[in-house]
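Notes follow once the structure below has been shown.
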Amino acid sequence: AEGTDGSTTIIDESPSARTLTVSGAASIKTASALVQTSSPAVNYAGESSGYVQAAASADFNFGTGDFTIEGYAKSTVNDATWYHSILGNYSGGDANSWSVFLRNNSNNFLQFNVSGATNLTGTTDLNNTKFHFAVSRNGGTARLFVNGVMEAKSTTYAAVNVGGTGAVRIGGNQSGVNDMWRGLLDEMRGLLARGVPE
């Protein structure tokens, strides 16, 4: 999902061409682009809550297969109390739901969480910094990358079911407004083992 070059509309440019629902203050910021000349912004500089949502789909259920989730992000508002969710469908009551987010402490480390599974936690403070992230699983090993550098690895992911039933939110998750992203996001995508962009 992204804002196309020079566009004011947030769209899905993958072959799936899903309809994305924009909620609240999610919008395009042409003056603060991450990759192209425009980037989607969520709760930018303290704006009211918002996110972009793709309806629940079996395509977002990675199961126990290989996958990669990646994108570009920049956090613009530090919040020491709440998580800043980049994307995911995480909900505490939804087994196997997942989220990529910045932690809510003095060090804004990137983290990948699957309900009931081991977290992957990065080591670089990413507050107010443009960065590329990637989370991947190959066989039983899951890895978290920041700007192409592996910052976390777990070899206990062989049987971890990554899925959940909720809609996937860009700039949030199913846990509510307190976990919303505060900043810019662009070029979000997930690749299943079959290599089809979603």
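None of the figures in this text is laboratory data; all of them are computed from the coordinates on show. Please read all numbers here as calculations on a predicted model, not as lab measurements. Please note: Cβ atoms are built from the backbone with ideal geometry, for glycine as well, and neighbour counts cover all protein chains shown.
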Amide H contacts under 5 Å for A56, placed H, 5+ residues apart: A167, V168
Three-way shape call for segment 49-159 based on the alpha-carbon gyration tensor, with the a/c threshold at 1.5: oblate
Residue-span extension gain [V149 to S23] - 0.36 nm each, minus C-alpha spacing: 42.1 nm
Gained length - N178 relative to V35, 0.36 nm times residue gap less alpha-carbon distance: 48.8 nm
Table column - 3J(HN,Hα) (Hz), segment 87-103, Karplus curve with 6.51, -1.76, 1.60, x for Gly and Pro: 6, x, 10, 4, 8, x, x, 10, 4, 6, 5, 9, 7, 10, 8, 8, 5
Using a Förster distance of 30 Å, the FRET efficiency for A56-W82 (Cβ separation, nearest 0.05): 0.80
Spin-label pair E13/T118, simplified geometry with 7 Å Cα→Cβ offset, distance in nm: 3.6 nm
16 Å cut-off, amide nitrogen to a point 7 angstrom out along A167 Cα→Cβ, residues in segment 48-69: 49-60
